[in-house]
Each structure stands twice: as C-alpha cells, then as structure tokens.
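A.B. asks: Quick one: this structure, given as structure tokens, is what I'll be asking you about.
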Amino acid sequence: WNPVEIYEWVKNNIDTEWYWGCMKGAIETLRQKRGNDSDQAALLVALMRAAGFPARYVRGVIGFFPGIEHARHLIGIVDPQELAAFFQKAGIPCETVVAGGRIADIHIEHIWVEVQVPYANYRGTVIDEHGKSWLGLDTALKPAGYQWTAPETALDDFPWTGIRGDYLENVREETLTGYLRGRIEDYLDDHRDLYPEAGYNDLLKTRTLNPEILKILPASLQFRQIAVTGEYTRMPDALVHTVRFTGRTAAGNLLFDEALPAYRLSSRQVALGAEPETVEDQETINAYGGLGNTPAYLVRLRPSIRLDGDRLAAASDGLPMGDVFLLKVTLASPAGEAVF
C-alpha cells in the first residue's frame, strides 16, 4: 500500500513494449509483465487507487531524444534516422526536430500518470500525511535503461519465406514462435558445418532491465514535457484498441455487430458457433439426439460468437443449416485498422 514501493515495482518489473494506445489494460499488463506507456499507466493507476491514492492519466508530447546513447539503452537502436522510423512503424505519433542539419530531438506522444500523495516530508514514503501533492510518474521510459546483447551469428541463409504459410497449413497447438524455433533448431542441426555450436538462444537479441531503486518518489519526470494535451480519470475510448465482430448474410443483411476493448479478449478463447433459432428448433434437435443427427432442412441456426464458452453476440435471425454467411473481424487501434 506504499506509493513508493508500487511505483518502483512497476518501473523495475514491467518490460516496456512500443505501440500506441491501450491494448492490454491493467490486469493483462500485470499478468504478462510487459506493456507500453498506456498499459503501464493503467496498471499504475489501478494499483495506486487500490491503495487509496487518487490517480489520473496524462496525455502529452515529450522530448524523447536526450542523446543517442540514452536511446540505445531504452530501445537498442544506435542510428537517429532508424529511431524515427521505429516510432513511425510502431504507430506512435512523432515529429523529428532537425537543427544544424542533424536530428536534435524526436517529439513523441506519451501517456503518463499523476498521483496525489503526501510528499512534503520524506518524498512520498507516507511517514505522515503532510503536504499532499499531485506528482507526475512514468514507468515506461526506464531511467536506467536496458543492457542489450547482440547475437554473434546471423541466419542470413535460413529460408524465411514461406514460414507463415507453412504454419497456417495445419491446425497446431504450438504458437508461431514455437513453430519457428523448431524450424530453426532443425536447420542448425542440419548445418553443423556452418554453425558448429550455435543454438536457438544464441541467435536472439536480448535485453535485461537495469533496476533503479531510490526508495522515494522522483521530484520530476525523466523526460522533458513539450505539451500536456489532456488529463483523464479513465483511459479515453479513442486510445483503446478494440476488436469488432461483424456478421452478414451472403446477401449483405446484418446478423450481428459487436465491438469490445482488446484487453477484454486478451488470453481468452474466442469461438464461432451456432445455436437454435427458436425453442422449436431446439426441441427438434433434442428429438434427433443432437445437432449432428438432425436433418439440415428441419432447423434454422443463429451464428454466434462465444468468449470462453459464454455468448458474446448472436445473430438477430437464424439461417438454414449449412447456409453461407460472412464474418469480418476488425482490429482497430489509434494508429489505424486491420480487417480480416
């Protein structure tokens, strides 16, 4: 329940990822122990509020580029031009500031937290209740940065093309990463003349978070504020990643349309199913001993989306068994949309 310990735990135990907007939320960020600025802010706000300290979100523009060495410790990139391209690919709004023919700074949009804690004495350790203040806190831009290791071996001759298609050819229990690891390990075994001692882990670029333990709350943020563009008691809807399920008949008639925050679906099973349109259809299915035994022309079914077995959305009307319908899944983030 100590704000100093809460802040330092999040800062030193949650790895920073780079994307724009809230995708995981507090619970999933805690479970995965990784997230971007918005997701780490959500976790910090939740923990502070649970401990009885008012907290809010702050959105603004910050100066990210105090020097390439600091940027290398945070992201692992040593070229300022590559750093600007990195933010663009991650969908993070950014602006490059050029002075004297070189990159002098990179302004990026960022989310951090303000917490009201007793601060006048002992810098937030809550020895007493004097001098409550709103303090800006950020855990995403790690003050001590990371230690990076680069692989000595590169698989330039590995057949990368076709990996995705090969993985999707069959239903698999393993993840794409697990499948890729197996393929790489097999390749290394088959080419021991080229890679006599290399293993999968030897090919990975790794990083280790450098902890920073001050036992007090910092007097200022670890970056330069260019502008504050908003303060919120809850994460704005415009910054939340969403997943939208839209079902239509082959003729284009709407069956269902349901959108949820992405963090509601994270690490949960989403399944496409069907259920009887009417009580009479259910009775017919029961009379035949199950849906698999029921003649298709006797019943109508409603397509449905289920989340961990519970109905999330169901069609407004039923369709004949075996009829065609179209399902569209839209992944939306503040940076844009992808439709499947």
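A.B. asks: Rolling a 1.4 angstrom probe over the protein heavy atoms, how many square angstrom per residue are accessible across the chain? Walk me through the numbers on the way to the answer.
C.D. replies: On the way: 18520 Å² over 340 residues.
Counting only protein heavy atoms, the per-residue value for the chain is 54 Å².
A.B. asks: How much of the accessible area of the chain, in percent, comes from carbon and sulfur atoms when a 1.4 Å probe is used?
C.D. replies: The C+S portion of the solvent-accessible surface of the chain is 51 percent.
A.B. asks: Take the Cα of Leu204, step 7 Å along the line toward its Cβ, and report every residue of segment 168-184 whose backbone nitrogen sits under 15 Å from that point.
C.D. replies: 175-184
A.B. asks: Please work out the Cα center distance from segment 130-209 to segment 220-272, rounded to the nearest Å.
C.D. replies: 27 Å
A.B. asks: Same structure, new question: Can you show me the helix-derived [θ] at 222 nm for the chain, built from DSSP H runs with n ≥ 4 at -39,500 (n - 2.57) apiece and divided by the number of residues, rounded to the nearest 500.
C.D. replies: Calculated at 222 nm, the ellipticity per residue is -7000 deg cm²/dmol.
A.B. asks: Here's another thing I want to ask about it. Please list, in order along segment 110-115, the HN-Hα scalar couplings obtained from phi with the Karplus expression 6.51 cos²θ - 1.76 cosθ + 1.60 (θ = phi - 60°), rounded to whole Hz, x for Gly and Pro.
C.D. replies: Couplings: 8, 10, 9, 10, 10, 10 Hz.
A.B. asks: Right, here's the next one. If a paramagnetic tag sat 7 Å from the Cα of Phe340 along the Cα-Cβ line, which residues of segment 171-186 would have the backbone N under 19 Å from that point?
C.D. replies: The answer is 171-180.
A.B. asks: Give me, ordered by chain and number, the residues 5 or more places off Asp15 or on other chains with an amide H under 5 Å from its own placed amide H.
C.D. replies: Distant-sequence amide H within range of Asp15: Arg34, Gly35.
A.B. asks: What lysines sit close enough to Lys215 to cross-link, taking a C-alpha to C-alpha distance under 26 Å and skipping anything fewer than 8 places away on the same chain?
C.D. replies: List returned: Lys11, Lys33, Lys132, Lys142.
A.B. asks: Mind listing the long-range amide H neighbours of Ser133? Cut-off is under 5 Å, sequence gap 5 or more, other chains count too, H placed in the peptide plane at 1.01 Å from N.
C.D. replies: Hits under the 5 Å cutoff: Val117, Tyr119.
A.B. asks: For the chain, modelled as a Gaussian network with Cα springs under 10 Å, which listed residue fluctuates most, Gly131, Gly52, Gly178?
C.D. replies: Largest GNM mean-square fluctuation: Gly178.
A.B. asks: Just to be sure I understand: with springs between alpha-carbon atoms less than 10 Å apart, which residue in Leu319, Leu194, Leu135 has the highest mean-square fluctuation in the Gaussian network model of the chain?
C.D. replies: Result for the chain, Cα springs under 10 Å: Leu194 fluctuates most.
A.B. asks: For the chain, with equal point scatterers placed on the C-alpha atoms only and solvent neglected, what are the log10 I(q)/I(0) values from the Debye formula at q = 0.07, 0.09 1/Å, to two decimals?
C.D. replies: Each listed q maps to, in turn, -0.45, -0.70.
A.B. asks: Expressed in nm to one decimal, what extension gain is obtained for the pair Ala51 and Arg311 from 0.36 nm per residue of sequence separation less their Cα-Cα distance?
C.D. replies: 90.1 nm
A.B. asks: Continuing with the same structure: Return the FRET efficiency for the residue pair Ala259, Arg181: r is the Cβ-Cβ distance, R0 is 51 Å, and the value is rounded to the nearest 0.05.
C.D. replies: Efficiency computed from Cβ-Cβ geometry: 0.90.
A.B. asks: Right, something else. Restricting things to alpha carbons, find the Rg to Rh ratio for segment 1-119 using the Kirkwood radius for Rh.
C.D. replies: Looking at segment 1-119, the ratio lands at 1.02.
A.B. asks: Sequence gap at least 6, Cα distance under 8 Å: using those rules, report the relative contact order of segment 244-318 to the nearest whole percent.
C.D. replies: Contact order relative to length: 33 percent.
A.B. asks: Report the extension gain between Asp190 and Val97 in nm, rounded to one decimal, defined as 0.36 nm multiplied by the number of residues separating them, less their alpha carbon distance.
C.D. replies: 28.6 nm
A.B. asks: Also: Each residue of segment 154-168 in order: what ³J(HN,Hα) in whole Hz does its phi give by Karplus 6.51 cos²θ - 1.76 cosθ + 1.60, θ = phi - 60°, with x for Gly and Pro?
C.D. replies: Using θ = phi - 60°, the values come out as 10, 8, 5, 9, 6, x, 5, 5, x, 4, 4, x, 4, 5, 7 Hz.
A.B. asks: May I ask you to list the aspartates and glutamates whose Cα is less than 13 Å away from that of Lys328, ignoring any residue fewer than eight positions away on the same chain?
C.D. replies: Lys328 reaches Asp257, Glu258, Glu337.
A.B. asks: Who wins for biggest fluctuation among Pro159, Pro118, Pro211 in a Gaussian network model of the chain, springs between alpha carbons below 10 Å?
C.D. replies: Maximum among the listed residues: Pro159.
A.B. asks: In nanometres, what is the gap between the two model label sites at Arg172 and Glu69, each 7 Å from Cα along Cα-to-Cβ?
C.D. replies: Between Arg172 and Glu69, the simple spin-label model gives 4.3 nm.
The values are calculated or read from the model by the stated rules, or taken from the named source; none is laboratory data. It should be emphasised that the depicted structure is a prediction, and the values quoted were computed from it without experimental measurement. Note that each Cβ is placed from the backbone with ideal geometry, even for glycine, and that neighbours are counted across all protein chains shown. These accessible areas exclude ligands, DNA and RNA; they are computed on the full protein's heavy atoms, side chains included. Shrake-Rupley method; radii C 1.70, N 1.55, O 1.52, S 1.80 Å.
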